[in-house]
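The values are calculated or read from the model by the stated rules, or taken from the named source; none is laboratory data. None of these values were measured; they are calculated from a predicted model. Quick reminder, even Gly has a Cβ in these numbers, built from the backbone with ideal geometry, and neighbours come from all protein chains shown.
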């Protein structure tokens, strides 16, 4: 029984090695196309300044919006030193760009009087009150009312200069309670701003990676179609539809062909059982 199992395993291994040797040649070609594709894409991104244009579009147009130019100007002042130096900030990788934006948001939150437009944009929320809430006899939700009052509460509290607490016990207790509420509002606002920046970071990474994948598919497919169209005397002619299908498949597989070549090469060097 054990001898039969060993023979079956050896036969399966031989079949896999034969198949891998046949596919390896195609995988090597696709790996070469994938390498050329990635090199061309990196060249095109560097020449066309694709990353800074993409980041500026996503932040200035999609995140802040056209009506938020004053807020954008204040954010650019914090992250890059102003509009004149914004290009170098947009040209950074997404993780470094988001990290500097988070630091700028902390400054805007701590000093809302100095950066009022950036503060109003960062603490703004898309949540709307239900229609007819003002005509309803029921009291509003404490959570919603507290959240809507947080920006103004913290803005007023941040403008209060440091002064000694009143000597009167009642006034001292009121001041401490007011400070405690303001600090809690600041924490809630910090969580809101962090969430908005996290959403922006996810969108930047998603759209940038998807754009690169689409560009790699298109360039890889075009290269595959071009190489299939080259006239080779010893090779038979290939039908146009077959070229298109192979170009699409080649564009899909080319970026990952290096891993395929590594895996198939490993199969070829496997010792016999």
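Any residue in the stretch 21-45 that's under 15 Å from residue 212 (Cβ atoms): show its pairings with residues that are at pLDDT 80 or above and surrounded by 14 or more Cβ atoms within 10 Å (Cβ to Cβ) at Cβ separation under 6 Å, as long as the two are six or more apart or on different chains.
Between residues of the stretch 21-45 that are under 15 Å from residue 212 (Cβ atoms) and residues that are at pLDDT 80 or above and surrounded by 14 or more Cβ atoms within 10 Å (Cβ to Cβ), the close pairs are 37/216; 37/219; 37/220; 40/219; 41/215.
Report yes if residue 78 is under 28 Å from residue 219 (Cβ atoms), more than 16 Å from the chain's Cα centre (by Cα) and in a helix (DSSP H, G or I), otherwise no. Even if it seems obvious, please write down each step before you answer.
On the way: under 28 Å from residue 219 (Cβ atoms): no; more than 16 Å from the chain's Cα centre (by Cα): yes; in a helix (DSSP H, G or I): yes.
Here the answer is no, as residue 78 does not meet what is asked.
If you take the residues of the stretch 118-137 that are assigned to a loop (DSSP other than H, G, I, E, B) and closer than 21 Å to residue 198 by Cβ, which of them is modelled with the lowest pLDDT?
Per the criteria, the residue is 127.
Could you tell me which residue of the stretch 91-117 is surrounded by the most Cβ atoms within 10 Å (Cβ to Cβ), considering only residues that are part of a loop (DSSP other than H, G, I, E, B) and under 18 Å from the mean Cα position of the chain (by Cα)? Don't jump to the end; show me each part of the working.
Step one: list which residues in the stretch 91-117 are part of a loop (DSSP other than H, G, I, E, B), which gives 91-93, 111-115.
Checking the rest, the ones that are also under 18 Å from the mean Cα position of the chain (by Cα) come to 91-93.
Working: 91: 14, 92: 17, 93: 12.
Out of the qualifying residues, it is 92.
Given (1) modelled with pLDDT under 75; (2) exposed (fewer than 15 other Cβ atoms within 10 Å of the Cβ); (3) more than 36 Å from the chain's Cα centre (by Cα), identify the lone condition not met by residue 175.
The single condition residue 175 does not satisfy is (2).
Take the stretch 202-214 and flag every residue that is at pLDDT 85 or above and surrounded by fewer than 17 Cβ atoms within 10 Å (Cβ to Cβ).
Hits for the stretch 202-214 are 202, 203, 205, 206, 207, 209, 210, 211, 212, 214.
Conditions tested, residue by residue: (1) part of a helix (DSSP H, G or I); (2) modelled with pLDDT of 90 or more; (3) exposed (fewer than 12 other Cβ atoms within 10 Å of the Cβ); (4) on the phi < 0 side of the Ramachandran plot.
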{"residue": "6", "(1), (2), (3), (4)": "yes, no, yes, yes"}
{"residue": "17", "(1), (2), (3), (4)": "yes, no, no, yes"}
{"residue": "20", "(1), (2), (3), (4)": "yes, no, no, yes"}
{"residue": "52", "(1), (2), (3), (4)": "yes, yes, no, yes"}
{"residue": "58", "(1), (2), (3), (4)": "yes, yes, no, yes"}
{"residue": "63", "(1), (2), (3), (4)": "yes, yes, no, yes"}
